[in-house]
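The values are calculated or read from the model by the stated rules, or taken from the named source; none is laboratory data. Nothing here was measured: the structure is a model prediction, and the numbers come from that model. Using ideal geometry, Cβ is built from the backbone for each residue, glycine included, and neighbour counts are taken over all protein chains shown. Heads up: the accessible areas ignore ligands, DNA and RNA and are worked out on the full protein's heavy atoms, side chains in. Shrake-Rupley method; radii C 1.70, N 1.55, O 1.52, S 1.80 Å.
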Amino acid sequence: MTTFDRQLLELLRDADSIVALTGAGVSAESGVPTFRDALTGLWAKYSPEDLATPEAFARDPEMVSRWYDQRRCGVAGCKPNGGHAALAELQRRAAAEGKQFTLVTQNVDRLHQAAGSTDVIELHGTLWVWRCVDCGDEAEERGPAFSVYPSRCSCGGKRRPGVVWFGEELPGQALLQAQRAAGSCRLFLSVGTSSVVYPAAGLIDLALRNSARVLEINPQETPFSSRAHWSIRGMSGLVLPELLNASFECTS
Ligand code: BV8
Ligand code: ZN
């Protein structure tokens, strides 16, 4: 059982605006390979930046769409873990008390929504939506693996995953909403992210510069660990539920 700083527990209980930023680490205990771990086996010889770019898709649409469809089918068998559930509970509690809670994710697996979180800000899109590069037609794909790669639109165009690749702009509205929330919150939770991908990681900086208190949960150190007010070295699937329960019970 972890003991938490009382000031953190009171802030988590009383803050009128909280932002949580999550990365691939929050889905690790659900069996979703983290972004860097998704390159094992067939993909071990590639780096994310080799595959997660528009240039890679233009160069080899068959290989890139196969990697994404394999990840989509992999996630289909994964369930949300205690960390996703705790963040959904935090949102419910904030709503019941008329407080602001904003969940911003870099993840593309939609496990937050599966755990009951709503209004999730998806900075990097999702594996579940595929878009035609010619006519822009989009569809949610929940079925088995595609039979051909790249899968084709009815117009004949190639279809790409609805994710944001390196070198591509993030959805403007989503980023603006996330920046506004990070710049005005009292407590910022950074959970399961290596905090090296921008502009998402810039949200942590924005929170710090606007004098929010920052909690980081990650088994590893990150570039923000030394600047966070609390940096808990742990698995979010275990730490988040414990933290939430402790803040519920905190009487002062
Ligand atoms: C853009 C979708 C510009 C695809 C992803 C400064 C400003 C702006 C841009 C840049 C900049 N500097 C560099 C850039 C370029 C680039 C960038 O940031 N590069 C990095 C590598 C340096 N950024 C971009 O290209 C962005 N676009 O800026 O466009 C522009 C502007 C105008 C006009 C045109 C263009 C786009 C970035 C989005 C890329 N897409 N994902 C896909 O998923 O395939 S990013 C990808 O990395 C995933 O979304 C992933 O979530 C994200 C970050 O990784 P993490 O989530 O942190 O995952 P990771 O595996 O790295 O780490 C997991 C962590 O979990 C670890 O720390 C681990 O310790 C921890 N962990 C493990 N287990 C647990 C755990 N934690 C808790 N509990 C556990 N159990
Ligand atoms: Zn089309």
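Restricting attention to region 184-210, the residues that are in contact (Cβ under 8 Å) with a residue 40 or more places away in the chain and in contact with a Gly (Cβ under 6 Å, 6 or more places away or on another chain) add up to 2.
Report whether or not V196 is open to solvent by 50 Å² or more (accessible area, probe 1.4 Å) and within 14 Å of the chain's Cα centre (by Cα). Yes: the conditions hold for V196. Taken together, the residues in region 123-147 that are open to solvent by 20 Å² or more (accessible area, probe 1.4 Å), closer than 23 Å to A24 by Cβ and among the hydroxyl-bearing types (S, T, Y) amount to 0. Checked across region 162-170, the condition of being touching a residue at least 12 places away in the same chain (Cβ under 8 Å), under 17 Å from the mean Cα position of the chain (by Cα) and open to solvent by 60 Å² or more (accessible area, probe 1.4 Å) holds for at least one residue.
Check V191, V214, V129, V163 and return the single one that is at pLDDT 95 or above and more than 15 Å from ligand 1 (Cβ to nearest atom).
Values: V191 fails: more than 15 Å from ligand 1 (Cβ to nearest atom); V129 fails: more than 15 Å from ligand 1 (Cβ to nearest atom); V163 fails: more than 15 Å from ligand 1 (Cβ to nearest atom).
None of the other options fit; the residue is V214.
Once region 91-119 is narrowed to residues that are assigned to a loop (DSSP other than H, G, I, E, B) and buried (at least 23 other Cβ atoms within 10 Å of the Cβ), the residue that is farthest from the chain's Cα centre (by Cα) is S117. Taking the stated definitions as given, is T222 within 21 Å of A114 (Cα to Cα), among the β-branched types (V, I, T) and either within 18 Å of the chain's Cα centre (by Cα) or within 16 Å of ligand 1 (Cβ to nearest atom) (or both)? Judged against the criteria, T222 is not a match. Among the residues of region 230-247, those identified as part of a loop (DSSP other than H, G, I, E, B) and either among the aromatic types (F, W, Y) or in contact (Cβ under 8 Å) with a residue 40 or more places away in the chain (or both) are G234, M235.
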